[in-house]
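The values are calculated or read from the model by the stated rules, or taken from the named source; none is laboratory data. Being a predicted model, the structure only gives us computed values, none of them experimental. So basically every Cβ, Gly included, is an ideal-geometry build from the backbone, and we count neighbours across all protein chains shown. Heavy atoms of the whole protein, side chains included, go into the accessibility calculation; ligands, DNA and RNA do not. Shrake-Rupley method; radii C 1.70, N 1.55, O 1.52, S 1.80 Å.
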Amino acid sequence: MNFFLAAVGVLGVASSGPLIAATLGATSVSALAIAFWRTAIGAAVMSGPVVVREPREFARVTGSEFRWSLAAAVALALHFACFITALQLTSVAAATALVCLQSGWIAVFQMFRGVRHRWPVMVGLGIAFGGVVAITGFDLGSSSGALLGDLLAVAGGALAGIYTLAGGKARQTMGTGVYTTLCYGMCAAIVAVMALVSGQPLAGFETAGWLGILAITVCAQLVGHTAFNHLLATMSPLLVSMIILLEIPGAALLAAGFLAEKLPAGTYAGLALILVGLAVVVLGQRRSRSPRRLPARLAELGTD
């Protein structure tokens, strides 16, 4: 059952990029509309059990918990804006791989917080960011738009790292249901303001557009991440975090099969470097000496 759930989880999160690209390309749905509805629906779904079982939990949120949740929500909103826009400019495979660098960015941010990483982490970071250079180098030769998409995906990965660290601080004293409801809800509100300022519509789409939004929310947000949350109760966090990395080749295969996406050989080499580098980083981080341990709920790292 665990292997089945792992396969379902990988398929769910890996479908995010291809589903978003297909929805943006074939319908009138805007990038921020996808970010808004998936977080708004996610907040509504996650709030249900808390409201039914212990509604007073929301009244017990402290000022510090609220501030960390708000910081996570801001980072998540900007992450979605960068990643979804990147999918309009560069390939699904490249955008997914570059945004998955969040594990590498977390290791970098930890270094600034005084965490002393072992040499495998540093080697892994070098390999992963070498993959970034390979991908952006090939995209630079194809078009300036693809390069901009790559840079937005890299920024999206860094923002995902900030989201994770801020969420980790909030989750030290908050339950999953309360935190995700608060974070997703505030993220949806921030995205709504961004959409208003940029003039991107949040409604009025054709049926195919709403079906695309629903598919993204169910497959990536609810099925994919829920499967990984369940696996954390029965499998080691290290193994779960390694399985999550399969999102990179999974998204590339889905994009090739359903979107007929073809990439230069050098881009595939870059994807492989990022995958190998992040695997080394994840393995090395588990053995690093740190003044503080990050929460083990790695499934909440997932944002796409």
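Quick look at the numbers
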quantity: Where a label projected 7 Å from the Cα of Ala208 along Cα→Cβ would reach, residues of segment 19-34 with amide N under 15 Å; calculated: 19-30
quantity: Debye equation applied to the C-alpha atoms of segment 61-200, log10 I(q)/I(0) at 0.08, 0.21 Å⁻¹; calculated: -0.25, -1.18
quantity: Cα Rg, Dmax (largest Cα-Cα span) when computed across segment 1-125, Å; calculated: 18.1, 48
quantity: Euclidean distance of C-alpha centroids, segment 1-49 and segment 117-163, integer Å; calculated: 23 Å
quantity: Gyration tensor over alpha-carbon atoms, segment 55-127, equivalent ellipsoid semi-axes in Å; calculated: 29, 23, 9
quantity: Whole-percent carbon and sulfur share, accessible surface of segment 1-158, 1.4 Å; calculated: 71 percent
quantity: Heavy-atom accessible area per residue - the chain, 1.4 Å, Å²; calculated: 43 Å²
quantity: Reciprocal mean inverse distance between Cα atoms of segment 165-235 - Kirkwood radius, Å; calculated: 14.6 Å
quantity: Segment 184-288 - convex hull of alpha carbons, volume per residue in Å³; calculated: 178 Å³
quantity: Contact order normalised by residue count of the chain, Cα under 8 Å, 6+ apart, percent; calculated: 41 percent
quantity: Loop-located trypsin sites (Lys or Arg not before Pro) in segment 89-154, at most 11 other Cβ atoms within 10 Å (DSSP); calculated: Arg113
quantity: Compactness of the chain, expressed as Rg and Dmax over alpha-carbon positions, Å; calculated: 18.3, 56
quantity: Compactness of segment 53-96, expressed as Rg and Dmax over alpha-carbon positions, Å; calculated: 16.4, 45
